[in-house]
Structures are given as C-alpha cells and as structure tokens.
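The values are calculated or read from the model by the stated rules, or taken from the named source; none is laboratory data. Everything quoted here is computed from the prediction, not taken from an experiment. Cβ atoms come from the backbone with ideal geometry, glycine included; neighbour counts cover every protein chain shown. Accessible surface areas use protein heavy atoms only, side chains included; no ligands, DNA or RNA. Shrake-Rupley method; radii C 1.70, N 1.55, O 1.52, S 1.80 Å.
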Amino acid sequence: MELRCWGRDWGLPSVHPESLAVLAYAKFAGAPLKVNPVDYTWMSPKGSLPVLLSDGKEITQTANILNFFRKQQYNSDYGLSAKEGSDTLAYIALIEENILPAMLHTFWVDPENYASVTRPWYASRTPFPMSYFLPGKMSRDALNRILLTKGQPPLYSLNEIEAQIYKDAKECLNLLSNRLGTSPYFFGTVPTSLDAYVFGFVAPLYKAQLPKVHLQQHLKQLTNLCQFCDHILGSYFTRTLADG
C-alpha cells in the first residue's frame, strides 16, 4: 500500500491534518505503508490528498482510507465496545464540524499566517508555475468551505463568522481535553481512530510557528492535549522523523 500525502515539517510527519490522521492510524494499526510525499495535489490521481493506492485501487478521504485499512485487517478499533465506537463517531464529527473550520481559517484565511507560513511552505513544495497558483486556490477553497458550512443566518459578516468558529473550536478543544483527562489515549492505554483524528487536527496547530497564535495560545493552555501529541510523536514517529 502506498500513501501519497503532503510532506513533513514543524517536527511532524505531515503538516496536513487529514494526511497526519491517516499516518497515525496506520502506525496504530500496524498497516505497512510506503509513504510518498508528493507535495502537490496535481500529482494525486483524484486531485486531492491524502490518497491510498493499493492493487490498482485509489482511495481518497480519511474515513474511506481508514475503512480500507480495517477491511485489510489493520484495525486499531477492534477492542472498542459498541458505545465507544459510537462515541468515536460523535467526537470525529465534532472535530470536523468545530476544529476543521478554525484550522482552515488559521492557516489559509488569516492574512498574517497565510503570508508568512502557509503560502511560502506550499509554494516551495510545488513546481513552477503551479507554485504561483496552488496556494491561492487552496486559500480560496478554504474560505469557501468556511462560508458554505458556517456562513448561515444569523452570521452574516466574515467577522461574525470568524468569532463564532474560534469560539466553537475552543469549546471543542476544551471538550477533548476534559475527555482525555490524564489517560495516554482517549480510550485508555491503546490508541484508536479517535486518537488519530485528534492528533491529525491538533498537532499542526500545536507545532506550527505562527505569527497569529489566537487559537494556538488556547491550545497550549490545555497541557494534556499537547502532551498527547508529543507522546504520539515520540512513540510512533521518532524513526520516521529521524530518517528525513
């Protein structure tokens, strides 16, 4: 199996939340992966990353890739009860609804972060002439996604939307921190798909060197979530990061 994904930086095996979640789950489940950081989406078969290639099949989207792993008997959730499985789906939905929009805004819409961190990173890893166009397209796509999912009445102005998505993200981070408590993982001592999703969507916010640290500052006050990210990096990605 080959995983094509955005590449590493900031002390992470990938800077891209969805790619990072898939990489983490593969480590948890022991799935043998050849990781190919292609670094620009036109090199992926369907124009989006991550994408898993296996026996002529092309699987995109995080949930579909994780389901494919499970069908191949690489399942980090095998020990979960029915209730824990249900809780996992509920928390993943909360992450996608509340943390993802704030992540998109932090990296792709906020002018300072985009100009000094996001655009230079993606442009430097995208071949000319696409390096001039791809980051801007991704920024516009991020804003459109935010407006599509969050720009509903009574939130009419962009400032109102921004305030709401950061409020929602902070509340979701607080919820995750309270749920994790002092445990190493969300369901005890063994990592699951929920841990992979949380790691994927929290670690880039934790590790990136951002000039605008509004949400990052809040996250760093939740020390158990930061320790959770450090623990996964140290336990599963030390060799990966050392190799490259």
**OP:** Kindly report the accessible area of the chain per residue (heavy atoms of protein chains, probe 1.4 Å, no ligands, DNA or RNA), in Å².
**Re:** 48
Original post:
If we sort 131-139, 192-200 on the protection proxy, mean other Cβ atoms within 10 Å, highest first, what's the order?
Top reply: 192-200, 131-139
**OP:** Give me the percent of Cα-Cα pairs in the range 118-221 that sit more than 22 Å apart, rounded to a whole number.
**Re:** 49
Original post:
Share of antiparallel DSSP beta bridges in the chain, in percent to the nearest 5?
Top reply: 70
Original post:
Considering only DSSP states other than H, G, I, E and B, which trypsin sites (Lys or Arg not before Pro) in the range 13-107 qualify as loop sites with at most 14 other Cβ atoms within 10 Å?
Top reply: K46
Original post:
When the Karplus curve 6.51 cos²θ - 1.76 cosθ + 1.60 is applied with θ = phi - 60°, which whole-Hz ³J(HN,Hα) does each residue of the range 128-142 get, with x for Gly and Pro?
Top reply: 5, x, 5, 4, 7, 10, 4, x, x, 4, 5, 5, 5, 4, 5
Original post:
Binned at 10 Å from 0, what are the whole-percent values of the Cα-Cα distance distribution for the chain, short to long?
Top reply: 7, 32, 38, 21, 3, 0
Original post:
Taking θ as phi - 60°, what are the ³J(HN,Hα) couplings along the range 93-104 by the Karplus curve (6.51, -1.76, 1.60), each to the nearest whole Hz, with x for Gly and Pro?
Top reply: 4, 5, 4, 5, 7, 10, 8, 4, x, 5, 5, 4
Original post:
Ignoring any ligand, DNA or RNA, what whole percent of the accessible area of the chain comes from carbon and sulfur when the probe is 1.4 angstrom?
Top reply: 52
**OP:** Please work out how much length the chain gains when fully extended from Q61 to S157, using 0.36 nm per residue of separation minus the C-alpha to C-alpha distance, in nm with one decimal.
**Re:** 31.5 nm
Original post:
Once you sort the root eigenvalues of the Cα gyration tensor of the range 68-107 as a ≥ b ≥ c, which label holds: rounded (a/c under 1.5), prolate (a/b larger than b/c) or oblate (the other case)?
Top reply: oblate
Subject >> Alpha-carbon radius of gyration plus Dmax, which is the widest Cα pair, for the range 1-129 in Å >> reply: 15.8, 51
**OP:** Quick one: which residues, 5+ away or cross-chain, put their amide H under 5 Å from the amide H of V38? H built at 1.01 Å from N.
**Re:** C5
**OP:** Put one equal scatterer on each alpha carbon of the range 64-148, apply the Debye formula with no solvent term, and list log10 I(q)/I(0) at q = 0.16, 0.24 1/Å to two decimals.
**Re:** -0.79, -1.05
Original post:
What are the principal axis extents of the Cα atoms in the range 161-235, in Å, biggest first?
Top reply: 37, 23, 19
